[in-house]
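This report concerns only the one structure given below.
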């Protein structure tokens with residue numbers, strides 16, 4: 001890792017893969033085909049790309065029961081506890097609508113209505129990510145969404161990973177499909193004979209999934225298109241280098257494009273972390289990925305003082321921020337831009353990835369300047385409601401008509417005035 | 001307007017203009033040019049397309065003061081009152097973060113932080129829309145956004161419409177630029193020598209503005225790309241045909257692509273509204289626009305009963321819904337999908353467009369299934385915060401490490417465990 005004195009503005013924005021023309025063309029073709037031909041097209045692409053041929057892509061209750069029965073009981077207990085913690089944190093986000101009485105019997109209100117149906121895409125491949133199931137499903141459940149669907153590509157054995165099925169089962173989700181790729185996104189957006197359409201699609205995926213989500217956006221809602229993960233550690237001389245290094249590597253192991261940054265006021269810590277990262281890299285199972293990430297995007301910045309360091313963090317707007325300093329709580333309150341903040345030595349970032357209860361779906365690539373992690377509000381919508389009594393109308397109609405005419409919208413003015421026509425007004 | 005018996009599924013989705021390749025190319029070039037050359041590029045395109053040549057595109061305090069001094073006092077008073085109503089409705093959307101204490105001194109919290117800076121685009125052209133200024137700026141102010149910028153193309157006289165300046169002045173906004181088109185969006189997203197960049201851009205615009213917003217999305221946040229306006233009136237035999245017709249026309253006059261639909265249980269009302277629409281169209285100042293809209297997208301549906309009518313409304317998910325029936329409040333509560341609901345004869349839709357206090361920036365083209373009108377939450381973000389004490393860490397580290405290893409992320413497990421290394425754990 002390079003150690004740099006913090007002088008100029010810094011950034012962690014990376015030019016992310018947007019997909020090429022060829023990939024986009026393929027995705028558009030898959031979307032159209034599934035729209036036109038439903039299940040048949042889904043089946044065709046699953047055979048073509050995932051190499052599996054399924055007459056029925058809905059996961060059966062037997063498959064779920066078998067996965068649960070064969071699952072390590074301790075791990076199941078860990079997942080149950082994580083789910084409880086996540087539910088506890090997200091329950092506090094639930095909100096009611098409101099009603100504002102006006103004079104003369106009139107009122108305004110805002111109604112909060114959960115989405116009818118949402119779909120969660122769970123990527124396949126080597127590693128199963130049951131934590132993603134918890135993080136995406138629970139906020140939707142807390143919001144009150146009635147229909148929650150999971151779709152994920154089956155392995156060569158025609159099955160989904162046990163950990164995914166067990167996580168779904170813990171949450172009471174049983175509508176699960178063995179479909180992956182752009183065809184899964186198409187099925188969720190447009191519906192097929194087997195899969196009824198949803199209103200919102202969340203969850204990460206490969207470039208084809210990301211492109212497909214972008215294409216169906218508008219037809220349905222989507223969550224953010226997440227970029228590679230990032231961690232920024234803000235630390236002073238009170239931090240331990242081995243712990244900071246371990247935390248930096250926990251993000252670096254995600255992706256060669258992941259970004260791990262230390263901003264510190266301590267030259268001692270900077271040097272030691274650099275050495276520790278090198279030391280801990282060796283023998284890490286995902287060493288190759290982590291090493292690439294550290295080489296390309298790993299940075300250590302030395303700041304003159306803590307205020308300058310805080311300023312630098314705010315300019316990065318990192319997905320994850322750890323504050324490992326004296327007075328860490330006070331310092332954390334000066335952070336305006338970060339997806340999630342982990343305070344103090346014992347709040348290592350994986351605590352939040354898996355267990356503490358906060359959501360791990362977070363804004364990347366500096367979008368924490370304006371975006372939030374996944375939350376209950378992502379699964380509700382607000383409806384504005386107006387009730388005007390005759391008296392309130394009478395009192396305000398002339399004002400409304402004047403404002404409409406100022407904008408050149410005579411039809412608007414007449415609509416408001418029309419309530420007086422029958423009275424000869 | 002065509003009268004149809006409601007039998008099959010209905011939809012108001014329209015294929016919207018997405019812009020052509022040529023337009024997209026132009027927009028991309030403008031964006032890049034402004035990114036590279038700042039003010040100079042902004043000036044060039046303003047001259048090229050708006051035909052105005054300005055050395056300084058910031059609106060001066062003198063220009064604002066003059067607009068205010070020359071403005072109709074009654075209209076100003078109407079705007080002030082509308083602004084108060086809008087502020088009152090949106091204040092109720094303000095929310096605090098929360099803090100959840102856990103055992104052993106640990107806690108989780110969610111912090112609510114307003115965006116630093118937002119930009120509102122106000123379209124130019126024949127009509128000035130001061131109501132847009134109120135509807136976009138007030139939620140941002142209630143959210144606590146410190147810097148709010150307005151940008152809008154100047155007329156041939158090099159000035160902005162008085163109504164826009166007066167609205168801004170009422171709200172205390174003084175950072176206003178005379179820049180329009182894609183170059184305005186570029187300036188807001190990337191910044192220039194004169195215009196500092198913002199974090200979110202809202203407001204409607206022509207196809208170049210819409211394309212530019214889509215292109216800068218990710219760099220900054222944007223609001224929805226709004227489609228043409230829609231109204232659906234749900235009415236029974238208690239409704240008056242002339243009033244319903246006037247309301248349908250108030251949307252139709254917006255745009256030839258606007259959509260006005262009546263769903264009614266009354267054959268009498270259906271016939272009378274059809275006649276009334278024809279009658280009221282004649283002589284409407286925007287008759288040509290309204291007539292095209294009614295011809296292309298105007299529909300009257302007769303439903304067997306009110307439940308079938310409600311179901312049809314929910315399948316449309318219209319931007320605006322009026323419920324003009326007996327027991328209108330009860331019926332409105334069965335509506336799951338609508339941007340805004342106007343209850344009863346006296347809540348004509350323009351009441352909400354201008355004055356009542358609800359926001360008029362609403363989801364169109366059936367996106368009310370999953371989207372909401374503009375609201376205070378659009379101008380804040382949520383930051384997840386985790387504080388784990390040593391004891392909480394000790395108790396949970398093994399669980400977190402197990403979950404990480406289940407996902408094949410050894411680096412995550414080690415990060416959590418590293419806090420015990422110095423103790424030889």
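Read-outs throughout are calculated quantities, based only on the coordinates presented, and are distinct from any laboratory measurement. Nothing here was measured: the structure is a model prediction, and the numbers come from that model. Every residue, glycine as well, gets a Cβ built from its backbone with ideal geometry; the counts of neighbours run over all protein chains shown.
Quick notes
- Note on residue A:47 and residue A:84: with the Förster distance fixed at 35 Å, the Cβ-Cβ geometry gives a FRET efficiency of about 0.30.
- Modelled label reach - residue A:5, point 7 Å along Cα→Cβ, region A:295-328 residues with backbone N closer than 20 Å: A:299-313
- The Cα center of region B:330-402 and the Cα center of region A:99-159 differ in position by 13 Å.
- Put the Cα centre of region B:38-58 next to the Cα centre of region A:220-263 and the gap is 42 Å.
- Kirkwood Rh, Cα atoms: Rg over Rh of the protein assembly as shown: 0.98
- Reciprocal mean inverse distance between Cα atoms of chain A - Kirkwood radius, Å: 24.3
- Residues residue A:207 and residue A:305, FRET efficiency given R0 of 30 Å [Cβ-Cβ distance, rounded to 0.05]: 0.10
- Position residue A:94, label points 7 Å along Cα→Cβ, spacing to each other copy in nm (shortest first, one decimal): 2.6
- In degrees, nearest ten, helix B:267-281 long axis to first principal axis of chain B (Cα): 80
- Calculated [θ] (222 nm, deg cm²/dmol) that DSSP helices of n ≥ 4 give over chain B, each run adding -39,500 (n - 2.57): -13000 deg cm²/dmol
- 13 Å cut-off, amide nitrogen to a point 7 angstrom out along residue A:237 Cα→Cβ, residues in region A:302-339: A:305-306, A:326
- Three-way shape label, region A:1-90, alpha-carbon gyration tensor, a/c 1.5: oblate
- Gyration tensor (alpha-carbon) shape descriptor, region A:21-222, a/c threshold 1.5: oblate
- Anisotropy class of region A:345-418 from Cα gyration tensor, a/c 1.5 cut: prolate
- Helix A:73-91 axis versus longest C-alpha principal axis of chain A: approximately 50°, rounded to the nearest ten.
- Nm distances between copies for residue B:144, ranked from closest, using label points 7 Å along Cα→Cβ: 2.7
- Subtracting the Cα-Cα distance of residue A:96 and residue A:194 from their residue separation scaled by 0.36 nm leaves 31.8 nm.
- Region A:227-362: Cα Rg divided by the 2.2 N^0.38 Å rule of thumb: 0.95
- Taking every residue in B:102-114 and counting other chain Cβ atoms within 10 Å of its Cβ, the average works out to 4.
- Using a Förster distance of 51 Å, the FRET efficiency for residue B:394-residue A:29 (Cβ separation, nearest 0.05): 0.40
- Projecting 7 Å from Cα along the Cα-to-Cβ direction, the label point of residue B:37 sits 5.0 nm from its equivalents in the other copies, listed shortest first.
- On Cα atoms only, tilt of A:241-252 relative to the major axis of chain A in degrees: 50
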